[in-house]
There are 2 protein chains.
Amino acid sequence: MSGNDRAPRPGDAPFTERTPRVVAAKRLTRRSGRDRAERFLAEGAQAVREALAWAAAGRGRVHELFATEVAASRNPSLVRDAVDAGVPVSAVTDKAAAALSETVTPQGLVAVCSPVDVPLRAALGSDVRLVAVLHGVADPGNAGTVVRVADAAGADAVIFAGDAVDPHNGKCVRASTGSVFHLPIARARDAEEAFAALRDAGLRLVAADGYAPEDLVTADLRGDLAAPTAWVFGSEAHGLPDEVVDGLDAALKVPIYGGAESLNLATAAAVCLYASARAQRA
Amino acid sequence: MSGNDRAPRPGDAPFTERTPRVVAAKRLTRRSGRDRAERFLAEGAQAVREALAWAAAGRGRVHELFATEVAASRNPSLVRDAVDAGVPVSAVTDKAAAALSETVTPQGLVAVCSPVDVPLRAALGSDVRLVAVLHGVADPGNAGTVVRVADAAGADAVIFAGDAVDPHNGKCVRASTGSVFHLPIARARDAEEAFAALRDAGLRLVAADGYAPEDLVTADLRGDLAAPTAWVFGSEAHGLPDEVVDGLDAALKVPIYGGAESLNLATAAAVCLYASARAQRA
């Protein structure tokens, strides 16, 4: 451990936005910087708490915690937990915290973490029953919200497949409200490879497709949703490409009973994943 | 009809952001302006199309349509429909369109509409089976997304109760993707009055409450969700106040099977409303 694995002490000059460690951390707000450093930022008390629990469980590592004076005094137990875990905690100015923040109202607490994603086969492990696959989902807020929904529905993993957003994107981490630290996340640039691995793991691949002829209630009544299932979701803007849908085991839509044309990605995912979770538990 | 109920013609000078009619319309981007004028703005081709259909059905009125040259040439049938319906269509500059827009990328099409909300008793009508109540929901994007979900789930009405966001807020209208024009919307500043009216309409009032001891799957298995139901949702930040929950007929949570603390408002509403819709149709 470095000489920094201690809480900031009165008299320590806080890091500014020009301090090299802050400058280095700021690069992690960009995908290229994250890819290069193999680290990402988790901002806010809740995310930092989840990151520390994730590291304590041996699933990853928190390299550093930056805290403004105000944030540190508001979250004394969190800072103490970090120090106890051997995480260097550094005081930063409000301006430095703002430089590290991707929100309009910086929370003054930012952890530098190792990536959460694991290899595909590790994410699927043994005895997986429910997986969410985000295929080509580019919007980080949508992706993070689906990670949260998948976590709530008890999914075993979330796979970011094809040309999808980086799960470590600040907006994705924030929208997940800590869930990126809860369940295994894997990235598979080659979606077909991911589908093959999911099939090998015994999962039925079901496209969530607003244009599918059959809806999930009909499929559920037939008992289909009780099977181990990987739900494949497309981007909100374009949905799933036809060639992807055609290659999966089934395609189901959420029934639309009223006048809306469709649901958004996160609400559709909530209905699909909860329908499976319930059928599997019945 | 005024001399303006015609499409813009070549040679017409487009309205600028200083043209009085544009200045007046811009005031509708603020709640005070909307309340005073009793009009609101619907932006983008989809929203304008839904607004024209809503007006054609005799449910409201589109007073005016502003269109940039590019937007008009991209949506010729929409402009023609507006003209055919006697709606004055005025060419505006890109800058004027930006002034009327609440988005980063103005769509160049903005309709001035009469309010969508109707009196509470009218919204409930006869034979209502499923209603969504937004209690004190302040975030317009969340509120609009719930309106969209309620519409998709076939709800009969959405009630904005207590100190809630204005359903005509630009972000709410946009997040609803046209659904504010589909199903009856009512505003009830006095939430207790709304609850009384909902009970009179034969609805069971159920709080969606993450802290409720019972979950909706258990209630559904008992047959409770098949009854005519008004789901009451609180704000994402604070949920429902205890005194509101205590005054309702039941409180149910969405079961959390994994590590997430909670669902966000829209995804929770999707699970709740779809559970009722399905139970009522079974």
Inset, instruction - Along Cα-to-Cβ, 7 Å out, sits the label point; list in nm, shortest first, how far the one on B:D246 is from those in the other copies. - result: 6.2
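How high is the relative contact order of the range A:20-113? Use alpha-carbon pairs under 8 Å, at least six apart in sequence, and give a whole percent.
40
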Legend entry - Total accessible area lost when B and A pair, probe 1.4 Å, Å² to nearest 100: 2600
Legend entry - the protein assembly as shown - charge dipole about Cα centre, Lys and Arg +1 at Cβ, Asp and Glu -1, debye rounded to 20: 1300
Legend entry - B:E193 - accessible surface, heavy atoms, 1.4 Å probe, Å² rounded to 10: 120
Inset, instruction - For B:R74, A:R80, A:R187, A:R30, write out the residues from largest to smallest accessible area, computed with a 1.4 angstrom probe and no ligands counted. - result: B:R74, A:R30, A:R80, A:R187
Legend entry - For the A-to-B rotation axis, chain A residue with nearest beta carbon and its distance in angstrom: A:A270, 2
Legend entry - Of A:K253/B:K253; A:K95/B:K95; A:K95/A:K171, pairs whose Cα-Cα distance is over 27 Å: A:K95/B:K95
Legend entry - Assigned charges on the beta-carbon of Lys, Arg, Asp, Glu; the range A:120-281 dipole about Cα centre (debye): 680
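What per residue convex hull volume, in Å³, do the alpha-carbon atoms of the range A:19-63 yield?
For the range A:19-63, the hull spanned by Cα atoms encloses 78 Å³ per residue.
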Legend entry - Scattering profile of chain B at q = 0.07, 0.09, 0.14 Å⁻¹ [log10 I(q)/I(0), Debye over alpha-carbon scatterers]: -0.29, -0.46, -0.93
Inset, instruction - Quantify, in whole percent, the carbon and sulfur part of the accessible surface of the protein assembly as shown (1.4 Å probe; protein heavy atoms only). - result: 49
Legend entry - Compactness of the protein assembly as shown as Cα Rg over 2.2 N^0.38 Å, two decimals: 1.03
Inset, instruction - Could you please report the charge total around A:E17, scoring K, R as +1 and D, E as -1 over all other residues with beta-carbon less than 14 angstrom from its beta-carbon? - result: +4
Inset, instruction - Please label the shape of the range B:230-282 as rounded, prolate or oblate, based on the square roots a ≥ b ≥ c of the eigenvalues of the alpha-carbon gyration tensor (a/c under 1.5 means rounded; beyond that, a/b larger than b/c means prolate, else oblate). - result: oblate
Legend entry - Segment A:R59-A:A37, length gained on full extension (0.36 nm per residue, minus Cα span): 6.1 nm
Legend entry - Percentage relative contact order, the range A:120-281, counting C-alpha pairs under 8 Å, at least six apart: 29
Inset, instruction - Name the residue farthest towards the positive end of the dipole of the protein assembly as shown from the options B:V244, B:V118, A:L124, assuming +1 on Cβ of Lys and Arg, -1 on Cβ of Asp and Glu, about the Cα centre. - result: B:V118
Inset, instruction - Please work out the ratio of the alpha-carbon Rg of the range A:20-113 to 2.2 N^0.38 Å and round it to two decimals. - result: 0.98
Inset, instruction - Only Cα pairs under 8 Å and at least 6 apart count here; give the relative contact order of chain B as a rounded whole percent. - result: 18
Legend entry - Gap separating the Cα centres of the range A:167-186 and the range A:230-282, nearest whole Å: 21
Legend entry - Computed accessible area, B:D190, all protein chains, 1.4 angstrom probe, square angstrom: 80
Legend entry - Neighbour net charge for A:A196 - beta-carbon separation under 12 angstrom, K R +1, D E -1: -2
Inset, instruction - Arrange the residues A:S77, B:S126 by how much accessible surface each exposes, largest first, with a 1.4 angstrom probe. - result: B:S126, A:S77
Legend entry - Taking the C-alpha atoms of the range A:59-183, convex hull volume expressed per residue in Å³: 118
Legend entry - Teacher prompt: A:H63 distances to equivalent labels in other copies, 7 Å Cα→Cβ, nm: 5.7
Inset, instruction - Using only the C-alpha atoms of the range B:144-247, find the volume of their convex hull and express it per residue in Å³. - result: 110
Legend entry - Gain in span if fully extended, B:I256 to B:A13, counting 0.36 nm per residue against the direct Cα distance: 81.6 nm
Legend entry - Exam field: B:D200 pseudo-label spacings to other copies (7 Å along Cα-Cβ), nanometres: 6.5
Legend entry - Rounded to 5, the percent of DSSP beta bridges in the range B:120-281 classed as antiparallel: 5
Inset, instruction - Run the 1.4 Å probe and let me know the accessible area of A:T16, rounded to the nearest 10 Å². - result: 40
Legend entry - Against the rule of thumb 2.2 N^0.38 Å, how large the Cα Rg of the range B:184-229 comes out: 1.35
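The values are calculated or read from the model by the stated rules, or taken from the named source; none is laboratory data. On a predicted model such as this, the values are computed, not experimentally measured, just so you know. A quick note on method: Cβ atoms are made from the backbone with ideal geometry, for glycine too, and the neighbour counts reach across all protein chains shown. Side chains are part of the model used for accessible areas, which takes the heavy atoms of the whole protein and leaves out ligands, DNA and RNA. Shrake-Rupley method; radii C 1.70, N 1.55, O 1.52, S 1.80 Å.
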